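See structure below.
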Amino acid sequence: MSSRTLVGQTDLPLLAGVLAECRALVSNDSGAAHLGAALGLHVTVVFGPTDERATHPIGRRAPAILTHPVWCRPCMLRACPLDHRCMRGIAASAVVSATRRAL
């Protein structure tokens with residue numbers, strides 16, 4: 001299986017078209033997560049500095065939300081002044097498990 005990145009090469013309509021062909025989406029708290037939820041995908045969202053209670057995707061299916069509880073989150077900062085512990089504490093295996101359960 002090969003992978004290809006489309007970073008910087010898509011616009012919103014193209015992203016919607018790509019996502020429409022998917023069964024699930026793994027994303028951070030971003031526009032893609034919200035678009036995927038709006039399209040009815042099984043969405044797994046990794047939340048670090050953002051507040052999942054305020055910014056979770058809304059759609060027909062409840063998103064799988066992953067966080068790592070640390071004293072500094074949610075800080076809502078775009079750049080981490082520490083060590084990204086809120087993101088580093090979320091294991092890839094937890095993301096895979098949450099996505100598999102959603103499917």
Problem - Members of segment 62-80 found to be of a type in the set (A, V, I, L, M), in contact (Cβ under 8 Å) with a residue 12 or more places away in the chain and either closer than 20 Å to His34 by Cα or in a helix (DSSP H, G or I) (or both), listed by number - result: Ala64, Ile65, Leu66, Met76, Leu77
Completion exercise
Going through segment 13-51 in order, the residues found to be aliphatic (A, V, I, L, M), under 24 Å from Met76 (Cβ atoms) and either modelled with pLDDT under 95 or part of a helix (DSSP H, G or I) (or both) are Ala32, Ala33, Leu35, Ala37, Ala38
Practice task
Give me a count of the residues in segment 21-33 that are more than 12 Å from Thr50 (Cβ to Cβ) and open to solvent by 70 Å² or more (accessible area, probe 1.4 Å).
Solution key: 3
Practice task
Sort out which residues of segment 57-74 are hydrophobic (A, V, I, L, M, F, W, C) and open to solvent by less than 60 Å² (accessible area, probe 1.4 Å), and write them in order of number.
Solution key: Ala64, Leu66, Val70, Cys72
Exercise for the section: From (1) closer than 27 Å to Val18 by Cα; (2) in a loop (DSSP other than H, G, I, E, B), pick out the condition that doesn't hold for Asp83. Expected result: (1)
Practice task
Residues being charged (D, E, K, R) and surrounded by 15 or more Cβ atoms within 10 Å (Cβ to Cβ): count how many of those fall in segment 34-56.
Solution key: 1
Handout entry: Condition check for Leu6: farther than 25 Å from Met87 by Cβ and open to solvent by 40 Å² or more (accessible area, probe 1.4 Å)
Key = no
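The values are calculated or read from the model by the stated rules, or taken from the named source; none is laboratory data. The shown structure was predicted, so the numbers you read here are calculated from the model rather than taken from an experiment. Counting neighbours? That spans all protein chains shown, and the Cβs are built from the backbone with ideal geometry, glycine included. Note: accessible area is taken over every heavy atom of the protein model, side chains too, but ligands, DNA and RNA are not part of it. Shrake-Rupley method; radii C 1.70, N 1.55, O 1.52, S 1.80 Å.
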